[in-house]
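Student: Below you'll find the structure I mean.
The values are calculated or read from the model by the stated rules, or taken from the named source; none is laboratory data. Since the model is a prediction, treat every value here as computed from it, not as a measurement. Counting neighbours? That spans all protein chains shown, and the Cβs are built from the backbone with ideal geometry, glycine included.
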């Protein structure tokens, strides 16, 4: 199963790239993720619970990042085992280009399944994989475009007090 898509995100390529390297953001964006730990250099371990047709399973697996070109592109590769349900593996080539008002993010995804999942038929699997990819990138877009609590009207407020906790995006980019 292969698919491609493009979407506009109202964030800089630097912010999008940083978000894709953050395990907390990945956990928030991957549908059904119960945990994501690790780092971009060594890879991530993830646990994801999903229902595909009549089969519900918890997949535990590895996610690695490669071909990383800072603020421009990266390749995400993952493989998970869901016990009796079978396995899922795949990858995504993600590209980010600066555009008016943010970033144009484009991706090519390829996925394969085996075991009971493969017996469901390609129409169910293809539909599920497309839905998962769309939901991931929609969640990423929502996470990046959603103002952090208290950011509305931030220009009218006094500067943050020393020691005030920043949101994840502020910590990554060094911005207040």
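Student: Here is a list: 78, 82. Which entry is touching a residue at least 24 places away in the same chain (Cβ under 8 Å), within 21 Å of residue 26 (Cβ to Cβ) and touching a helix residue (DSSP H, G or I) at 6+ places or on another chain (Cβ under 8 Å)?
Tutor: Working: 78 fails: touching a helix residue (DSSP H, G or I) at 6+ places or on another chain (Cβ under 8 Å).
From the options 78, 82, the qualifying one is 82.
Student: For the range 113-149, enumerate the residues that are within 20 Å of the chain's Cα centre (by Cα), farther than 21 Å from residue 77 by Cα, in contact (Cβ under 8 Å) with a residue 12 or more places away in the chain and part of a helix (DSSP H, G or I).
Tutor: Result: 143, 144, 145.
Student: Something else now. Scan the range 1-51 for residues that are under 20 Å from residue 67 (Cβ atoms), in contact (Cβ under 8 Å) with a residue 24 or more places away in the chain and part of a loop (DSSP other than H, G, I, E, B) and report the count.
Tutor: Going through the range 1-51 one residue at a time, the tally reaches 3.
Student: How about the range 47-74: which of its residues are out of contact with any helix residue (DSSP H, G or I) (no Cβ under 7 Å at 6 or more places or on another chain), at pLDDT 90 or above and surrounded by fewer than 13 Cβ atoms within 10 Å (Cβ to Cβ)?
Tutor: Correct list: 66, 67, 69.
Student: Next question, about the same structure. Mind listing whichever residues of the range 75-91 are surrounded by fewer than 20 Cβ atoms within 10 Å (Cβ to Cβ) and either modelled with pLDDT of 90 or more or part of a strand (DSSP E or B) (or both)?
Tutor: 75, 77, 79, 81, 87, 89, 90, 91
Student: Is it the case, given these coordinates, that residue 98 is out of contact with any helix residue (DSSP H, G or I) (no Cβ under 9 Å at 6 or more places or on another chain) and part of a strand (DSSP E or B)?
Tutor: Numbers: out of contact with any helix residue (DSSP H, G or I) (no Cβ under 9 Å at 6 or more places or on another chain): no; part of a strand (DSSP E or B): yes.
Criteria not met by residue 98.
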